[in-house]
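The values are calculated or read from the model by the stated rules, or taken from the named source; none is laboratory data. What you see is a predicted model; the values in this text were computed from it and never measured. Methodologically, a virtual Cβ is constructed for each residue, glycine included, from the backbone with ideal geometry; neighbour enumeration extends over all protein chains shown. Heads up: the accessible areas ignore ligands, DNA and RNA and are worked out on the full protein's heavy atoms, side chains in. Shrake-Rupley method; radii C 1.70, N 1.55, O 1.52, S 1.80 Å.
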Amino acid sequence: MDIYSPAGATYWLVPGRVLFLVMHVLGIGCFFFIIARRLVPLLRAAPDFRFDQPGKRLGNVAKYWIGQWKHPRYRFAGIIHILIFTGFLVLAARAFSLLVLGVSDISLLPWFSGILGHGYDIARDYAATVVFLCMLIAIVRRVVFKPARYEAPAKFGKARGVDAVFLLALIAILMLADSFFEASKAASQAQRGQAVEYLALFSLPWMLKTVLLPVSLPALWKLGLGAYFVHNLTFYFLLCYRPFGIQFHVETSLFSVYFAKLDPEILKPVRWGVSDQQLDQVKAFGVTRFEDFTWKHMLDFYSCADCGRCSDQCPSHAAGRTLSPRFLTIKARGYAFQHYPVLGTPNNGTPLIGSIYSEDEIWSCTTCGACEQECPLLIEYIDKIVDLRRGMIDDGNVPQSLQKPLKALESRGNPYGKMEKKRADWAKANNFQQSCPVQVLGPNNKGADTLYFVDSITSYDDRIQAIGRATARILHRLAEPFGILGGSEKDSGHDVRRFGEEMLFIALRDHNVGAIKASGVQRIVTADPHAYNALKHDYNGIPPVQHISQVIAGALKTNRLKLNHSEKNGKVYTYHDPCYLGRHNHVYDDPRDVLDAIPGLKRVEMKRSRDRSFCCGGGGLMLFYEPKEEQRMGVMRVKMAAEAGANAIVTACPFCMVNMEDAIKVAGMEGQMTAIDLAELVDQHIVQSEPASDASTPHEHFAEV
């Protein structure tokens with residue numbers, strides 16, 4: 001009667017060695033069969049180039065998978081997950097050694113003996129205890145407290161709360177069974193007067209051993225063998241059940257993180273391996289069927305942990321639009337499970353729009369990047385949404401309100417349909433040229449080293465033209481010869497591309513690249529984060545680009561720009577991070593440094609700031625599209641500013657400015673809240689003197705910030 005040898009015991013007249021060998025073969029065989037079936041759609045998917053830079057990819061694994069870098073952003077849940085994950089890593093060797101005990105009494109892990117083994121045993125006991133307690137906490141949290149981000153509104157389908165609790169309970173049983181096996185073993189040793197294997201003080205096995213000490217040896221023997229059987233059965237059931245539920249990420253997340261985009265700010269091409277010149281040979285653009293997704297995007301669907309962090313941070317979801325990044329993934333995974341069953345024949349080919357996704361759901365995204373910033377597993381959303389839009393555009397499915405601006409962009413190079421020759425009129429208003437000469441650059445460039453890329457909204461919107469003039473005055477104060485392209489400039493195409501109109505974007509980009517090269521400039525400055533992002537990441541072969549906030553910050557640091565004291569007018573400012581300056585390009589400090597450089601200016605931070613900034617709602621051609629929503633995102637943002645104690649919102653984006661000023665009116669906060677662009681605020685506070693001396697070279701003026 002040896003409690004240590006499940007292999008030598010008999011279960012229902014079957015030798016333990018035979019029983020557990022069969023269990024191992026069936027369990028492992030079923031698992032690999034299920035995984036093989038789950039891989040079928042990935043093998044039929046579109047290509048994706050993710051095998052470059054292995055060193056950098058391993059660095060991502062170390063930081064985001066092993067290091068759990070993003071989990072503490074939700075502190076309580078993050079700490080719980082880190083404890084569970086660490087416990088799993090510690091218990092991996094223990095699980096393997098336990099499985100081996102079913103077929104052999106010989107330890108395959110000789111280092112488990114001696115001081116190292118003793119240390120591991122202590123760590124193992126505490127790991128099992130911590131994981132068990134975390135499971136109980138997680139179950140109580142799911143059942144009693146019910147965090148809102150785990151819920152599923154009726155329009156998105158059913159929540160997987162029951163499945164989540166069931167999986168948590170299985171892990172708890174696994175920990176309990178392991179601990180019972182160890183505790184019964186130690187209690188038996190104590191009753192026999194043998195040297196008792198040390199169990200970590202106050203650990204779960206230690207507490208169970210204390211409870212089991214009075215139990216008879218035969219009962220301990222049965223309890224130990226029973227616990228071992230339950231452990232193995234639960235282990236293999238859990239292993240084979242996870243690929244059917246929300247814990248499939250246990251198997252796939254490592255690969256999802258390794259193959260994640262290394263440059264998330266760069267948009268996915270229409271088709272990997274197909275150049276822009278070859279796009280006319282591509283039969284269909286974007287995603288219309290499930291199989292049009294890339295294999296990495298399908299892997300993302302499998303890897304989603306259904307934690308709800310993406311949707312919890314999504315401004316479109318918060319505004320009550322039909323989009324939820326979480327369910328964008330969940331519905332695709334459900335589609336894969338349904339149309340590529342483990343048992344049965346694949347039934348694929350159903351169009352996604354109209355079946356699992358609605359049109360408004362896909363158009364509602366502002367491509368702000370809040371979902372991707374939050375996801376601890378680096379799951380990608382923007383590329384999927386843009387690909388779905390490309391598919392709809394390719395099918396001629398364009399929202400009515402967007403057809404006119406798209407046609408105007410194609411014919412006039414701007415979404416307003418204004419004449420090209422009027423693009424530089426903003427620089428002629430109210431004798432502006434007399435105080436701030438703005439040169440229109442061309443092939444005969446007269447020494448201008450810097451191009452101010454204005455873009456469409458600043459060129460044509462009457463209110464936003466003031467930002468253009470403020471930017472020009474700042475450049476003039478820095479004594480940097482600069483100019484604009486004027487009628488030669490077309491829209492940067494940034495939002496056009498993210499809307500899904502790739503060919504129109506290419507036409508706009510190629511025209512602008514030609515005009516920029518012809519101007520002979522050596523650097524580009526813009527006050528529009530959308531243009532900044534396009535020029536920096538979507539264009540090739542052009543000079544380096546800076547946002548005006550970076551230029552101002554650099555000038556202040558080198559004392560080439562001085563600012564007057566802020567008037568005591570009761571203004572309390574807060575800075576709103578534009579999505580394409582902040583999250584997409586990580587420019588957070590420069591605008592704040594500029595504000596803090598204004599003497600006497602009082603600034604407060606909104607709760608949602610920096611990489612958790614709340615989108616104004618202006619991205620992705622949203623100024624021309626009216627999605628179904630319960631409240632305006634801009635109104636929500638203005639209220640956040642008021643809650644922070646501010647009465648003036650500073651932004652550094654013309655789209656944000658339009659939405660903020662409109663939101664102030666809609667919210668009925670006129671007279672209580674104002675909005676101003678960073679360039680305008682700096683222009684108001686510049687110490688009026690002669691333009692800065694040009695003793696240094698232009699390159700020194702605009703050194704990279």
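Computed from Cα atoms, the angle from the helix 465-477 axis to the main principal axis of the chain rounds to 80 degrees. Ordered from highest to lowest accessible area with the whole protein assembly present and a 1.4 Å probe, ILE173, ILE467 read as ILE173, ILE467. In region 477-501, which residues have a backbone nitrogen under 17 Å from the label point lying 7 Å from GLN522's Cα in the Cα-to-Cβ direction? It comes to 478-483, nothing else. Comparing LEU378, GLN434, SER459 along the charge dipole axis of region 367-468, the residue lying farthest to the positive side is GLN434, per the Cβ-charge model. Panel note: the C-alpha atoms of region 337-409, placed on their principal axes, show extents of 52, 32, 15 Å (largest first).
Across the chain, the longest run free of exposed loop sites, meaning GluC sites (Glu not before Pro) lying outside DSSP classes H, G, I, E and B with no more than 14 other Cβ atoms within 10 Å, spans 152-566. Summed over the residues of the chain and divided among them, the accessible surface reaches 42 Å² per residue at a probe radius of 1.4 Å. Rg and Dmax of region 419-557, based on Cα coordinates, read 14.1, 42 Å.
With both residues required to sit in region 572-703, DSSP beta bridges show an antiparallel share near 0%. Of the Cα atoms belonging to region 592-692, the radius of gyration and Dmax stand at 14.9, 52 Å. To the nearest ten degrees, helix 325-339 and the longest principal axis of the Cα atoms of the chain are 50 degrees apart.
Dipole check for region 276-394: with +1 at the C-beta of Lys and Arg, -1 at the C-beta of Asp and Glu, and the Cα centre as origin, the magnitude is about 280 Debye. MET419 contributes an accessible area of around 80 Å² to the protein surface, as traced by a 1.4 Å probe with all chains present.
For TYR11, what charge total do you get from the other residues with a beta carbon under 12 Å from its beta carbon, if Lys and Arg give +1 and Asp and Glu give -1?
+2
Expressed as a whole percent, the accessible surface of region 419-557 that belongs to carbon and sulfur atoms is 48, based on a 1.4 Å probe. If I histogram all Cα-Cα distances within region 56-189 using bins 5 Å wide from 0, what percent of pairs lands in each bin? Whole-percent P(r) values from 0 Å outward: 2, 9, 14, 17, 17, 15, 11, 8, 4, 2, 1, 0.
Sort PHE132, PHE290 from largest to smallest accessible area, using a 1.4 Å probe on the heavy atoms of the protein chains. Display every interim value, and only then the final one.
Working: PHE132 35, PHE290 5 Å².
Order by accessible area, largest first: PHE132, PHE290.
Rounded to the nearest 20, the size of the Cβ-charge dipole of the chain about its Cα centre is 1120 debye, with Lys and Arg at +1 and Asp and Glu at -1. Give me the percent of accessible area attributable to carbon and sulfur for region 572-703, probe 1.4 angstrom. Heavy-atom surface of region 572-703 belonging to carbon and sulfur, 1.4 Å probe: 47 percent. Ordering TYR236, VAL274, GLN550 by the projection of their Cα atoms onto the charge dipole of the chain, which places +1 on the Cβ of Lys and Arg and -1 on the Cβ of Asp and Glu, puts TYR236 at the extreme positive end.
Semi-axis lengths, largest first, of the ellipsoid equivalent to region 276-394 are 22, 19, 14 Å, with √(5λ) applied to each eigenvalue of the Cα gyration tensor.
Counting heavy atoms of the protein chains alone, ASP280 has an accessible area of about 120 Å² for a 1.4 Å probe. Note on LEU101: accessible area is roughly 40 Å² with a 1.4 Å probe, heavy atoms of protein only. Counting protein heavy atoms only, region 276-394 has 50 percent of its accessible area on carbon and sulfur, 1.4 angstrom probe. Basic side chains Lys and Arg get +1 at the Cβ, acidic Asp and Glu get -1 at the Cβ, and with that the dipole of region 572-703 about its Cα centre reaches some 700 debye. Considering only beta bridges that DSSP places wholly inside the chain, some 15 percent are antiparallel. Projecting the Cα atoms of ASN533, LEU561, GLY27 onto the charge dipole of the chain, computed from C-beta unit charges around the Cα centre, puts GLY27 farthest toward the positive end. In a fully extended conformation the segment linking LYS568 and SER216 would gain 118.4 nm over its present Cα-Cα distance, using 0.36 nm per residue. Spin-label model, PHE166 to LYS407: label points 7 Å out along the Cα-to-beta-carbon direction sit 5.4 nm apart. The long axis of helix 382-394 is offset from the longest Cα principal axis of the chain by roughly 60 degrees. Based on Cα atoms of the chain, Rg over Rh with Rh as the Kirkwood radius reads 1.07.
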